[in-house]
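Structure first, commentary second.
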Amino acid sequence: MTWTIYLSLFFLFLYLLGLSIRRVLFLRDKARMQQESRGGGRVIARVEEMGPGSVKKFWLICRKYRIDAFLINYQGTFHAYVNRCRHMTTPLDFVRYQFFTEDGSHLVCLTHGALYEPASGLCLEGPCKGLSLYPLPVKVDQGEVLVGCPSEDISFLAD
């Protein structure tokens with residue numbers, strides 16, 4: 001009987017330790033992001049690093065949520081979206097860094113085969129047809145691409 005109490009206390013200790021470590025890492029990441037941020041956005045890449053058809057994954061902390069996202073250069077214009085299929089909460093790049101179809105004309109969710117228009121994020125085919133990816137504001141300033149937090153409600157990220 002007493003060994004179960006000790007075991008329960010040990011697991012409670014591990015849980016609390018894990019929460020503390022997670023909190024410290026979150027605050028450190030938030031501080032680093034504030035250093036990398038300016039003018040309402042975080043610097044994600046330099047313009048010359050992102051040729052047409054290129055993709056860069058990144059994350060942001062917006063309010064209390066961590067947003068996994070990606071930045072694309074589609075036909076010379078930058079777009080950023082939350083890396084989450086609108087059908088389910090899976091990331092689009094089930095295969096790492098594979099966001100575009102082979103011909104580069106559409107974004108694709110490799111889990112469901114949904115096709116999205118790169119410029120608008122609109123789902124053209126698949127189980128999410130008619131819905132759009134969650135966009136993030138993008139700004140180019142002094143040769144750098146900055147991505148900011150969305151102004152609308154992002155509580156869906158709690159899922």
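Restricting attention to the chain, the count of lysine pairs at 8 or more positions apart or across chains with alpha carbons under 19 Å apart stands at 4. In the chain, helical runs assigned H by DSSP with n ≥ 4 each contribute -39500 (n - 2.57); averaged across all residues and rounded to the nearest 500, the mean residue ellipticity at 222 nm is -8000 deg cm²/dmol. Extents of region 69-114, largest first, come to 29, 21, 17 Å (Cα atoms, principal axes, whole angstrom).
Between the Cα long axis of helix 2-36 and the first principal axis of the chain there is an angle of about 30°, rounded to the nearest 10. For the chain, the Cα-based Rg and Dmax, in that order, read 19.1, 67 Å. Going by the alpha-carbon gyration tensor, a ≥ b ≥ c the square roots of its eigenvalues, is region 118-159 rounded (a/c under 1.5) or, if a/c is not under 1.5, prolate (a/b greater than b/c) versus oblate? Oblate is the answer for region 118-159, as a/c is 1.5 or above yet b/c matches or exceeds a/b.
Each reported figure results from applying straightforward, stated rules to the coordinates on display, with no laboratory input. Predicted model only: the values in this text are computed from it and were never measured.
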